[in-house]
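Below is one structure, written out as structure tokens, with a few remarks after it.
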Ligand code: UDP
Ligand code: MG
């Protein structure tokens, strides 16, 4: 029998987990022809999340868990699940039931047929989300698809089911700065999209603030594109050229009209603009350098505190 494992990243989800388990358990049991189980990844929660998971694990042998030594972020939680999983098919889903688990059987059967390797969810509406948030995220998708070779579908979610082959390829990417939406697309393979509508969180609250989403977006661009470096190069080139032309003009003018002293305001503007651009370019280079720094340190993406998964 084929095996299926569902990875559930959890950070402070003590209220959601019982709902989640109740809803998804019967669905997994009823999956015909699959031996399926859960892998809950407790991402260093500070509430009773781990206790909730252990309670489930005590009564259900299909509940496996991995608990981190601290909060490493959802990217690391997903990677841990993928690394520990041995199943033929592996799924990822949020613990807050915002991802409709009813899609899972359909997703699995589209992979079983051999036609697709990834079955992923894409949300088609953003109702219930702050207006400015959706405006910014739309702009982000436009920007990253322009700047980077990997194409990320607007509204693509982490909610997906993958074949073993895809999981192996994702795990083989050892980068520390992980931007899964980019990684999922970078590895390639055939993806079947499942469109679904946004639903509200079942309990607890979102861990994403506007600021964390902004840094996430910058991470995505820097990790999957070097275009920002080229942009600062082009701006630099443009201003040097403009400066040269202006210098020639002044030399000619001095030869013809003689020297004049005025011109401090324009000088001051030029210094401000050019100084600002130099700092901006340095900042962009710095962003890349900082990532090279964290990459070469080659630290693990997560540290496991405890787990009931026996490594084979
Ligand atoms: N999550 C996690 N580590 C974190 C933040 C979030 O494992 O540092 C999990 C969280 O428990 C949930 C999923 O990632 O299962 C999505 O988080 P959330 O619902 O806060 O994000 P949103 O749905 O608002 O994008
Ligand atoms: Mg959520």
Give the angle, between 0 and 90 degrees and rounded to the nearest 10, that separates the Cα long axis of helix 74-84 from the longest principal axis of the Cα atoms of the chain. 50 degrees
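Efficiency by 1/(1 + (r/R0)^6): what FRET value for residue 130 and residue 164, r their Cβ-Cβ distance, R0 = 41 Å, to the nearest 0.05? Each step should come with its number before you reach the end.
Numbers: r = 39 Å, r/R0 = 0.94.
Efficiency, from the Cβ-Cβ distance: 0.60.
Antiparallel as a % of all DSSP beta bridges within the chain, to the nearest 5?
Values: 11 of 35 bridges.
The answer is about 30 percent antiparallel.
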To the nearest 10 degrees, how steep is helix 264-297 against the longest Cα principal axis of the chain, on a 0 to 90 scale? 30 degrees
Folded to 0 to 90 degrees: helix 131-147 orientation relative to the chain principal axis, Cα: 70 degrees
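For residue 142 and residue 227 in one chain, what is 0.36 nm times their gap in residues minus the Cα-Cα distance, to one decimal in nm? Working shown, then result.
Working: separation 85, 0.36 × 85 = 30.60 nm, distance 1.41 nm.
Here the answer is 29.2 nm.
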What distance in nm lies between label points placed 7 Å from Cα along the C-beta direction at residue 297 and residue 195? 4.4 nm
Would you mind computing, in nm to one decimal, how far apart the modelled labels at residue 257 and residue 245 are, each placed 7 Å from Cα along Cα→Cβ? 1.9 nm
Take the Cα atoms of segment 72-208, find their three principal axes, and give me the spread along each one in whole Å, biggest first. 40, 34, 31
Rounded to the nearest Å, what's the spacing between the alpha carbon centres of segment 167-240 and segment 1-57? Just the number, please. 26 Å
Computed [θ] at 222 nm, deg cm²/dmol, the chain (DSSP H ≥ 4; -39,500 (n - 2.57); rounded to nearest 500): -16500 deg cm²/dmol
Which order do peptides 195-208, 265-278 fall in by mean Cβ count within 10 Å, highest first? 195-208, 265-278
Give me the base-10 log of I(q)/I(0) for the chain at each q in 0.16 Å⁻¹, Debye formula, one uniform scatterer per Cα, rounded to two decimals. -1.41
By the mean-Cβ-within-10 Å protection proxy, highest first, 114-124, 156-166, 245-255 rank as 156-166, 114-124, 245-255
With Kirkwood's inverse mean 1/r over C-alpha pairs for Rh, give me the Rg to Rh ratio of segment 212-292, two decimals please. 1.19
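Readers should treat all values here as calculations from the given coordinates under stated rules, not as data from a laboratory. These figures come from a predicted structure and were not determined experimentally. Neighbour counts are summed over all protein chains in view; Cβ atoms, including those assigned to glycine, are modelled from backbone coordinates with ideal geometry.
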